[in-house]
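In what follows, a single structure is set out as structure tokens and then discussed.
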Amino acid sequence: MPSDPHAATTGPLGDSEETWPVAATRDLHRDDWVVALRRDEVRLPGDEDGPTFGRLVLEHPGAVVVLAIDADERVLVLLQYRHPGRHRFVELPAGLIDKVGEAPVEVARRELREEAALEAADWADLGTAYSSPGISDELIHYFVARGLTEVDRDFAPDHEEADMEARWVPFAELYDAVLAGRARDAPLALAVLLAHARGLAGSAGGGR
């Protein structure tokens, strides 16, 4: 049976960094915002004269998502309309890493203040995950925030954010909503499942 040339021969299973040749690239949309769309003509490695194939790439600076949990094991969720999805989604405080050199945890602190008017004394890194690597290079950094205190919000929300509703929900209820498919925002689901699996929330983290 032929061996798989891409199979790892040593070490644990995991993603590996790799870059295929790009013969040409063309911007389809680019303005003064941080997200852009381009089309790359990609070629198989080692086949310099071979045919190319087009792939769309949504350039993204990365983002943070914050699972903020209070002393009663409740999570601060945001109910926000998202036009592409045509739903008002249950989400977590989140935001773009749009300042060069800013550490993800500092972005998380800023977004928690801006979107939830909260500060946290304790931060736990849940890890990172690519949102949809077949179309975008967006990498999200996930955090659990505890030791919460209310603070003044230092910005004025507009557009969808002006209509956003904040709500405190027991972690157990949120966990059930994710498993039942009632809360389908992928970053929220991943944050909830990671926190539960790592014992940072839910029964292992002090809740029901």
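General remarks:
- Positive-end residue of Ala145, Leu179, Leu92, charge dipole of the chain with Cβ unit charges: Leu179
- Theoretical gain in end-to-end length, Asp137 to Val105 [0.36 nm per residue, Cα-Cα removed]: 9.6 nm
- For Ser132, Ser16, the sequence from fewest to most other C-beta atoms within 10 Å is Ser16, Ser132.
- Computed over the chain with a Gaussian network model linking Cα atoms closer than 10 Å, the most mobile of Leu92, Leu56, Leu188 is Leu56.
- On the basis of the beta-carbon distance and an R0 of 22 Å, Leu193 and Asp72 show a calculated FRET efficiency of 0.55.
- Shape of the range 63-197, Cα gyration tensor, a/c cut at 1.5: rounded
- Cβ charges +1 (Lys, Arg) and -1 (Asp, Glu), total dipole of the range 5-55, debye: 160
- At full extension, Glu41 and Glu173 could sit 42.9 nm farther apart than now, given 0.36 nm per residue minus the alpha carbon distance.
- Anisotropy class assigned to the range 62-139 is oblate, per the alpha carbon gyration tensor with a/c at or over the 1.5 cut-off and a/b no larger than b/c.
Each reported figure results from applying straightforward, stated rules to the coordinates on display, with no laboratory input. These figures come from a predicted structure and were not determined experimentally. Reconstructed Cβ throughout: ideal geometry from the backbone, glycine too, with neighbour counts over all protein chains shown.
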